[in-house]
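For reference, the structure is listed below as structure tokens.
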Amino acid sequence: EEVSKLNGEISRLQGRVRAEEEKLVSAKDLFAKERADFEAQLREGAAERRKMHNVIQELRGNVRVFARVRPFLPGDNTGDNEQPCVIPKSDTALKLKLNGEEKKDYSFSFDRVFNPSSSQEAVFAEVSEFVQSALDGYSVCLFSYGQTGSGKTHTMQGSGLGQMRGIIPRAIEKVGEYKRELEGQGWQYEMKVSFLEIYNETIRDLLRDEEIGEKKHDIKVNADGSRFITDLTICPLEPTDTDAVNDVMETAAKYRTVGSTKMNDVSSRSHSVFTLHLTARHPENNQKLKGTLNLVDLAGSERLKRSGAAGEQAKEAVSINKSLSSLTNVFVSIGSKAGHIPFRNSKLTYLLQPSLSGDGKTLMIVNISPTEMSTQESLSSLRFAAQVNKCELGAAKRSIQEAGSDDEDDDASVSSKSSVRSTSGKSTPSSRRSTPAKSAPSSRRSSLQSP
């Protein structure tokens, strides 16, 4: 009988233990759920704050600036315990540590900061909506800026067909997805691409046919202020055609001017400008729009003493630095609201004047090296980026109007005496000639619907 009582007591105690264990498991599950919900709310709140920040920046017309710190690379010749001199502190702030004779920390804040482990996909996720604006009828320009070897070309073009793809191929893919969505709403899109480089203040066609020698290219201006390049190859492109996109990227890479310096084994010696020209019509609403997406991979600034450039490379470096100085002067003038903006001081700024003068949307990604050897260049790049971030261009304007103008008007801002090249690589002289683009009366634009 005593044993039975003890067994009963043990059973009751075991039951209570099981009940308490079940309560504990339930409490842990509830805590995990509440924690997950709280973290989701934090993420949503952060996303909403970024969205509102972008809206405010857009209303102010600010140039948005992102900063990306690259990881250490084998060519940096750093030790295993080397500490980076540029340290991201949050999604919007970073710190640069200046060692040597003057030990000092510099703090900078931007619209977005990417740490060395940020993937190509994560970077593009932040610029994708910006890219899509071109399909809504805006002139969009995205710069990749920084010293030579800081990762600009990796950010813009990337490599391969997988996760290492850069902004340009991802942007084309995203445009294709958004295009399908808008076509479901009744819009009919036509897209063409061009790819050029500005080398020693000379424009070169990166999509030219191999058998055709390089031609002289000039920047011309339409009556509406839009720019076009004479004799530039324009390729019709279906953004969902992966093979065609790869063909464009490979052709451009083949002709891009690069060289080896002490700072970078594959240093871009020119600025490259990839442009997506698009026109769209909505027959039912009797509307048409034009959009432009400029993706610019700037040549890197460099100090001749450190890069070891000599001869022709020294001449290239001087031209690069002069062109970047002109870009700096443009942003400084915009930031100070000067009466005269020196757009004509370089081919690059003159070509991109429409995007930088208030009608378009502009975003700059400043690329930063983490090495101690590059701290002076990094500090200079970050100071310039901070200056750019203060520039107010004014609210961007959409290029949308009633349909009915001649089709040639849509091509006026694309090219004059251009060759239209199929993605198969064959070029034929274009029968189209540039005529001044006609802008729609302002009284019409206010009543038009957005796509």
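Read-outs: derived from the displayed coordinates by stated rules, not from any lab. Model, not experiment: these values are computed from the prediction. Glycine gets a Cβ as well: all are built from the backbone with ideal geometry, and neighbour counts include every protein chain shown.
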Inset, instruction - Would you please put 227-238, 12-23 in order of how densely packed they are, using the mean number of other Cβ atoms within 10 angstrom per residue and starting with the highest? - result: 227-238, 12-23
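Structure shown: which of Lys337/Lys361; Lys215/Lys322; Lys215/Lys361; Lys220/Lys288; Lys103/Lys337 lie over 28 Å apart, alpha-carbon to alpha-carbon?
Flagged as over cut-off: Lys215/Lys361; Lys103/Lys337.
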Inset, instruction - Please work out how much length the chain gains when fully extended from Ser325 to Ser117, using 0.36 nm per residue of separation minus the C-alpha to C-alpha distance, in nm with one decimal. - result: 71.8 nm
Inset, instruction - Could you tally the net charge around Tyr178, taking each other residue with its Cβ under 13 Å from the Cβ of Tyr178, Lys/Arg +1 and Asp/Glu -1? - result: -2
Legend entry - Theoretical FRET efficiency, 1/(1+(r/R0)^6), r = Cβ-Cβ of Thr78 and Asn285, R0 60 Å, to 0.05: 0.55
Inset, instruction - Can you pull the one-decimal nm distance between simple spin-label points at Glu129 and Glu214, each 7 Å off the Cα toward Cβ? - result: 4.1 nm
Legend entry - Reachable aspartates and glutamates, given that their alpha-carbon falls under 18 Å from the alpha-carbon of Lys97 and they are not under 8 places away in the same chain: Asp76, Glu82, Asp105, Glu372, Glu377
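Length gain on complete extension for the stretch Arg43 to Asn345, per 0.36 nm per residue less the alpha carbon to alpha carbon distance? Mind dumping the intermediate values first?
On the way: separation 302, 0.36 × 302 = 108.72 nm, distance 4.46 nm.
In short, 104.3 nm is gained.
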Inset, instruction - Determine the gain in length on full extension of the stretch Thr240-Gln188; use 0.36 nm per residue of separation and subtract their C-alpha separation, reporting nm with one decimal. - result: 17.2 nm
